[in-house]
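The values are calculated or read from the model by the stated rules, or taken from the named source; none is laboratory data. Predicted model only: the values in this text are computed from it and were never measured. Cβ atoms come from the backbone with ideal geometry, glycine included; neighbour counts cover every protein chain shown. Ligands, DNA and RNA are excluded from the accessible area calculation, which covers all protein heavy atoms including side chains. Shrake-Rupley method; radii C 1.70, N 1.55, O 1.52, S 1.80 Å.
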Amino acid sequence: MSNTEALLALAKKTIDLESKAIGNLTSLLNSDFANSINTIIESKGRVILTGIGKSAIIANKIVATFNSTGTPAIFMHAADAIHGDLGTIQDNDVVICISKSGNTPEIKVLVPLIKRGNNKLIGITGNIDSFLAKQADFVLNTYVEKEACPNNLAPTTSTTAQLVMGDALATCLLELKGFSSSDFAKYHPGGALGKRLYLRVADIVDKNQKPEVTADSDVKKVIVEISEKMLGVTAVIENSKIVGIVTDGDIRRMLNKHDNIKGLTAKDIMSTNPKTIETDVLAVKALEEMQNSGISQLLAIKDNTYQGIVHLHNLINEGIL
């Protein structure tokens, strides 16, 4: 077996092992999962996630997922908690403790301190007979038969299972809260994700120049307008209404068809009934319209009045495509 084949076989074995472990999680779910969700929903506080080692890294990721989907969450490192950070936990908070074994020294010290208050404790562990599992109000079982690590030592399959369980919690919570795409946009105003959810055609059109000619404009003026406004197109306007469109392609077809272009006007070469889009529509909808129609520009309108051009390049520059 070549080196490439051996590496691919090992990678496939890892993926297969972890996917089977994830699939097995469904058989481990019980009423404790539903009770955990209801406890978090009914709580007036936040969700505090804690753990140590690789479990702490997973806890951090779950915190990020919770916060981005409308469930306020904070990470508290288990080791730091017993050295001063225990004050992170407030009276109404729900605590989720993550530990594969559920028996690490830090967990054994931390759990009784958490239980000293009235906070509900949810344990995510692969050992339902562990100290954590026995002390927790609810236990989410993330047992895995074997780590993907060839030595069955490095947390691999087990941390994947923890991560998936966290995602299951987050998706159930957002569903019960009625968390919508508009809510998602509030928490993700930056980057491509946010822009797909809030950027509108008007936001783009305002940044572009506004090419337009009249139906009786001569061809030279049409060419100059398209060239100067640098959008590869111009609208043909009469009484503030769109009557047609002239694109770079129309200009090329005209030059192939006519040896003498003198006397030709926009009306002679324009396409009627061009594709338009309202300015209050999301920019991602403009992208869909362009892709469905096989075009790279749309004429933007408001109250049936021409407002400008939205170009495919605008959407690429904004990171929407």
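Simple spin-label estimate for residue 57 and residue 145 gives 2.6 nm between the two label positions (7 Å along the Cα-to-Cβ direction from each Cα).
Compared with the alpha-carbon gap, the fully stretched path from residue 30 to residue 68 is longer by 11.1 nm at 0.36 nm per residue.
As a calculated quantity, the FRET efficiency between residue 167 and residue 278 at R0 = 45 Å, using C-beta atoms, amounts to about 0.80.
For the cross-link pairs 220/267; 20/108; 61/120; 207/285; 177/285; 20/100, the ones whose C-alpha atoms lie over 23 Å apart are 20/108; 177/285. Treating r as the C-beta distance of residue 85 and residue 316 and R0 as 45 Å, the FRET efficiency rounds to 0.50. Fully extending the segment from residue 304 to residue 228 would add 24.8 nm, taking 0.36 nm per residue of separation and subtracting the current Cα-Cα distance. When the Cα convex hull of the chain is projected onto planes of every orientation, the mean area is 25.1 nm².
Here the gap between residue 39 and residue 154, fully extended at 0.36 nm per residue and compared with their Cα-Cα distance, gives a gain of 38.1 nm.
Using a cut-off of 12 Å between beta-carbons, work out the net charge of the residues near residue 50 (Lys and Arg +1, Asp and Glu -1, residue 50 not included).
Result for the neighbourhood of residue 50: -4.
Counting every pair of alpha carbons in the range 14-172, the share spaced more than 21 Å apart comes to 39 percent. Residues whose amide H lies under 5 Å from that of residue 98, counting only those 5 or more places away or on a different chain, are 50, 51, 124; hydrogens are built 1.01 Å from N in the peptide plane.
Taking the helices alone, the chain has a mean residue ellipticity at 222 nm of -14500 deg cm²/dmol, built from -39,500 (n - 2.57) per DSSP H run of at least 4 residues and averaged over all its residues.
Roll a 1.4 Å probe over the protein chains and send me the accessible area per residue for the chain in Å². If you can, show how the numbers build up before the last one.
Details: 16920 Å² over 321 residues.
Roughly 53 Å² per residue, with all protein chains present.
The share of accessible area on the range 75-150 that comes from carbon and sulfur is 47 percent, using a 1.4 angstrom probe.
Mean Kyte-Doolittle of at least 0.0 plus a Cα span of 20 Å or more along the axis: flag which DSSP H helices in the chain meet both, please. Helix filter hits for the chain: 3-28, 54-68, 157-176.
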